[in-house]
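Each remark here refers to the structure printed beneath this line.
The values are calculated or read from the model by the stated rules, or taken from the named source; none is laboratory data. What you are looking at is a predicted structure, and each value in this text was computed from that prediction instead of being measured. FYI the Cβ positions are ideal-geometry reconstructions off the backbone, even for glycines, and counts take in every protein chain you see. The accessibility values were calculated without ligands, DNA or RNA, using every heavy atom of the protein model including side chains. Shrake-Rupley method; radii C 1.70, N 1.55, O 1.52, S 1.80 Å.
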Amino acid sequence: MDVRIGGTHFPLETLGPGRRLGVWFQGCSLACAGCMSRHTWDARGGTRVSVSALLELWGEALERGAEGLTVSGGEPLQQPDALAGLLAGAAGLRDEAAGGAAAGGTDGADLLVYTGYEPDELTERQDAALRHSDAVITGRFRVAEPTGLVWRGSANQRIRPRTPRGVARYAPHQDRESTGARLQAVVGTGAAVGLRLYGVPLRGELAQLERRSKEAGVSLSDPSWRP
């Protein structure tokens, strides 16, 4: 099975607890105003890869001590079959890596999905795609409702644990404010040259980054948060 993605990164440290593999699905028709990832909206953009290739990355990340998988976008639930396959395979590899001890328990790496949908908006197919997720962060990004809550961009968004592991890992953070860095900067090289920002910025933080870059003599061309 193939999936269209906007990119991957390990270690991701700003979208969930610990060091994680991040996978960004490509394509989102929700098009929230103020989204920092407009480059992931076009369903024809990004790169087409196989789910098995992503699972190879996940296996390598587990070997390197990954504490979780974060799937964001774009909108993952607009490719529900690929998401279902990725999460099912990721859960299987996690449990295998833990010698079966992680199955149904609270130990082992967790699987987190970001979606702009609310639970009551999901089709049966979309809900089924989340079967193997440990937690889901739901809700449109609303630029007029800023928040300091960890791993969320606006106050309406909710962390929804779905498994005992999800409860153990995420329930303590439901009302927790961010205390560390909310953005992780990665500079690419070669064909991937450029600056990538991973995380959830505070209101005005990206504009401040542009100003400070300009003052330092650095011009940001085609930032993904600009139309």
Which of the peptides 217-223, 44-50 is most tightly packed, and how do the rest follow, going by the mean number of other Cβ atoms within 10 Å of each residue? 44-50, 217-223
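Among F25, F10, F141, what's the order by accessible area (1.4 angstrom probe), most exposed first?
On the way: F25 0, F10 35, F141 60 Å².
My answer, sorted largest first, is F141, F10, F25.
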In terms of solvent-accessible area of protein heavy atoms at a 1.4 angstrom probe, what is the ranking of Y114, Y170, highest value first? Y114, Y170
Taking every other residue with Cβ under 12 Å from the Cβ of Q157 and scoring Lys and Arg +1, Asp and Glu -1, one gets +3
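What is the magnitude of the charge dipole of the chain about its Cα centre, with +1 placed on the Cβ of each Lys and Arg, -1 on the Cβ of each Asp and Glu, and no other charges, expressed in debye to the nearest 20? Don't jump to the answer; show the numbers that get you there.
Details: 26 positive and 26 negative charges, 128 e Å.
For this selection, approximately 620 debye.
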Of G65, G204, G166, the most mobile residue in a GNM of the chain (C-alpha springs, cutoff 10 Å) is G204
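Suppose accessible area is computed on protein heavy atoms with a 1.4 Å probe; arrange M36, M1 from highest to lowest.
Numbers: M36 30, M1 130 Å².
Greatest to least solvent exposure: M1, M36.
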Please compute the Kirkwood hydrodynamic radius of the range 138-202 from all pairs of different C-alpha atoms, in Å with one decimal. 13.6 Å
Tally Lys and Arg at +1 and Asp and Glu at -1 over the other residues with C-beta under 13 Å from the C-beta of A84: what net charge comes out? -1
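Report the antiparallel proportion of the DSSP beta bridges in the chain as a percent, rounded to a multiple of 5. Could the numbers behind the result be given before it?
Numbers: 21 of 33 bridges.
In the chain, approximately 65 percent of DSSP beta bridges are antiparallel ones.
Using the alpha carbon gyration tensor of the chain, what are the three equivalent-ellipsoid semi-axes (square root of 5 times each eigenvalue), largest first, in whole Å?
27, 20, 18
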Cα axis of helix 205-215 to longest principal axis of the chain: angle in degrees, 0 to 90, nearest 10? 40 degrees
Only four residue types carry charge here, +1 at the Cβ of Lys and Arg and -1 at the Cβ of Asp and Glu. Report the dipole size of the range 35-106 about the Cα centre in Debye, rounded to the nearest 20. 260 debye
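Over the range 140-227, with the other protein chains present, what is the accessible area per residue in square angstrom, probe 1.4 angstrom? Don't skip to the answer; put the middle values down first.
Numbers: 5550 Å² over 88 residues.
Result: 63 Å² per residue.
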Accessible area per residue, 1.4 Å probe, Å², for the range 12-118: what's the number? 38 Å²
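Using a 1.4 Å probe on the protein chains only, how many percent of the accessible area of the chain belongs to carbon and sulfur? It would help to have the intermediate numbers written out before the result.
Values: 5660 of 11250 Å².
The C+S portion of the solvent-accessible surface of the chain is 50 percent.
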So for the range 75-115, what are the equivalent ellipsoid semi-axes in whole Å, largest first, each being the square root of 5 times an eigenvalue of the Cα gyration tensor? 22, 11, 6
